[in-house]
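Everything below concerns the one structure shown next.
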Amino acid sequence: MKVSRIFLSLILGFAFVTGLWSQSKPAADLIIDNAKVWTVDHTNPTAQAVAVLGDRIIAVGSSADVAALRGPATRLIDAGGKLLLPGFNDAHVHFVSGGRSLDEVQLNDAKSLEEFKRRIEERVRITPKGEWVEGGDWDETKWTPAKLPTKDVIDSFTPDTPVLLSRYDGHMALANSVALRLAGITAKTPDPPGGVIVRDTQGNPTGALKDAAEDLVFKVIPPLSHDQRLRAIRRALAYAASLGVTSVQDMNDENDSFADIRAYGELLQNGELTTRVYVAPAVSDWHEQAKVGIRHAFGNSYLRIGALKGFADGSLGSGTAYFFDPYSDEPDNSGLLGKQMLPLSKMRDWMIQADAADLQICTHAIGDRAISTVLDLYTEVVKANGASDRRFRIEHAQHMAEKDFARFAQLGVIASVQPYQAIDDGRWAEARIGPARASRTYAFRTFLNHGVHLAFGTDWDVAPLNPIWTVYAAVTRATLDGKNPKGWFPEQKLTVAEAVEAYTMGSAYGEFQERVTGSITPGKLADIVILSDDIFSIDPAKIRDVKVLKTIVGGKLVWDTDRKKQYSTAN
Ligand SMILES: [Zn+2]
């Protein structure tokens, strides 16, 4: 199969140079016909059919145009009049922890202590011996009586399995006896500063650990093994395929980013990488990539590195996003710069050197002052290294100062944004920062008006990976609590076309891939989704229920609701 394909491309090349193209037009491997094709290619916005040869799109047009490429071995997909789009490219995910989260026990909607216990028992049964069982989000207020769980509930079926389950608010966790033993927590262990080891009447730990006491257990959980990493990525790949996510940009800012790259590489070699991945390790490690001459978007169409992820501040919810003015509900707090930014001269040095090595810099910045500070740093980088197509990014870019939109555009900074957060945080953000700042929050329309490039993503597993919900969020801005059905700051809504473009071409631009993916254009990679409904014509409120019927990556079907099956890209 591989050999014949190479042979075919040789013939094709020969046909081109000798002008024999018209006489020896090859047959397509795949034709998708009877589709409502929305190409995201402004030179040819709509079509009925798409032809694919190998991993590339070779024709986009009417059924008749494309039918000319049909040969005896061409596979046909009748799209049944459904909407066909370029595959979604999620510009900001945490892919390994996302994959891990799919295997964590989900306890939030457990309605009783018995159900809580049963779900943990099921998870323990399928967990390899010695591995930790984590997850949770349990909420005892949903049970009768609403009593905190203790380790006794789970100890009987976890004699060798360490368990640590978080409460939904993150301020408490339940450990079993194995986990307590590994962490060395006994009746004699004093409460750590800022934490409480909950104890029974005899003074023995019950397993419940509050705040800083949770860290006593967290710190003994070993880093992921290579096998765990592979397993997490495989779960994430299958999930992404089912949602029509054909590319992800992995903000891999943790200590073990290079171990993830190794695991991606192994899956690539096995033909298992069914989502394209661009990895951004921590900016503090910029030298690791620079020293071997890696630049932005280095790699192949499936696996690329050469980006860097940094942090300027924290989050709005935790009150650590960094603002010019204090929080409206907390007059003594304006947030703060993150550790990496202290001192600023250190971050400036990293950025200037990383940029000189042609690495792409992506910086998390949420509060207006954090964003402004990053723009200052980016300005200094340009001053130091001169003009180039460097595509600086600000991740989240949540709360903009009025004066910074123009600067954002002028520096060519990409706003890598997560619209789902707007309908989630939109429930309470105004109470924290007041109406003026809230009007410049997730200001997607204002960004576009200023000519800023938008790249869409989710920050999975902080928010759901489903791109349909992100499109729904950008188009409706209807907060999850149902209180803003006409949209929270509705003047910032985008059209469906703008949202789709930001999620395809916009994200592709954000990773230097706009010439190879992001639209249904001849010559580009055949990354395609077919949706259950036409999101351009249905009531926007119904967009959130739309499903992905088929996902095609590089011409290969990787998700098909008709067959409910996961495929590999190997031949
Ligand atoms: Zn993130």
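Some notes on this structure:
- Share, in percent, of DSSP beta bridges within the chain that are antiparallel, nearest 5: 50 percent
- Length available on full extension from Ser532 to Ala73: 0.36 nm per residue minus the Cα-Cα distance, which gives 162.5 nm.
- Gyration tensor verdict on region 139-184 (Cα atoms; rounded if a/c is under 1.5, prolate if a/b is larger than b/c, oblate otherwise): oblate
- Modelled spin labels at Arg125 and Ser345, positioned 7 Å past Cα toward Cβ, are 6.2 nm from each other.
- For the peptides 202-213, 521-532, the ranking by packing is 521-532, 202-213, with the highest mean count of neighbouring Cβ atoms within 10 Å listed first.
- Shown is the FRET efficiency for Lys547 and Val292, computed with R0 = 45 Å from the Cβ-Cβ distance and rounded to the nearest 0.05: 0.60.
- In straight-distance terms, cross-link reach from Lys483 covers every one of the lysines whose alpha-carbon lies under 18 Å from its own, apart from those fewer than eight places away in the same chain; here that gives Lys493, Lys542.
- Segment Ser112-Asp539, length gained on full extension (0.36 nm per residue, minus Cα span): 149.9 nm
- Maximal additional length on extending the Gln202-Phe324 stretch stands at 38.9 nm, based on 0.36 nm per residue less the C-alpha distance.
- Average accessible surface for region 443-571: 37 Å² per residue, computed with a 1.4 Å probe over protein heavy atoms with every protein chain in place.
- Packing, taken as the mean count of other beta carbons within 10 Å per residue, orders the peptides 403-411, 312-320 from highest to lowest as 312-320, 403-411.
- Region 71-141 shape via C-alpha gyration tensor axes, a/c threshold 1.5: prolate
- Using a Förster distance of 60 Å, the FRET efficiency for Leu102-Ala436 (Cβ separation, nearest 0.05): 0.90
- Surrounding net charge for Gly195, when Lys and Arg each add one and Asp and Glu each subtract one, Cβ distance under 10 Å: -3
- Size-normalised alpha-carbon gyration radius of region 103-149, reference 2.2 N^0.38 Å: 1.17
- What a 1.4 Å probe finds exposed on the chain is 54% carbon and sulfur by accessible area, rounded to a whole percent.
- Averaging 1/r across all pairs of distinct Cα atoms in the chain and inverting the result yields a Kirkwood radius of 25.5 Å.
- Share, in percent, of DSSP beta bridges within region 183-298 that are antiparallel, nearest 5: 50 percent
- Distance distribution note for region 266-361: the fraction of Cα pairs above 15 angstrom is 67%.
- For region 114-193, the antiparallel share of DSSP beta bridges with both residues in that region comes to about 40%.
- All-pairs Cα distance distribution in region 314-359, expressed in whole percent, bin size 5 Å: 5, 20, 19, 15, 14, 12, 9, 4, 1
- Angle in degrees between helix 226-242 and the longest Cα principal axis of the chain, rounded to the nearest 10: 60 degrees
- Cα-based equivalent ellipsoid of region 291-445: semi-axis lengths in Å, sorted from largest, via gyration tensor: 29, 17, 14
- Taking the C-alpha atoms only, the angle from helix 467-476 to the longest principal axis of the chain is near 90 degrees.
- Between Thr495 and Asp227, the simple spin-label model (points 7 angstrom out along Cα→Cβ) gives 5.4 nm.
The values are calculated or read from the model by the stated rules, or taken from the named source; none is laboratory data. Predicted model, so just to flag it, every value in this text is computed and none were measured. Cβ: placed from backbone, ideal geometry, glycine included. Neighbour counts: every protein chain shown. The area values use the complete protein model at the heavy-atom level, side chains included, leaving out ligands, DNA and RNA. Shrake-Rupley method; radii C 1.70, N 1.55, O 1.52, S 1.80 Å.
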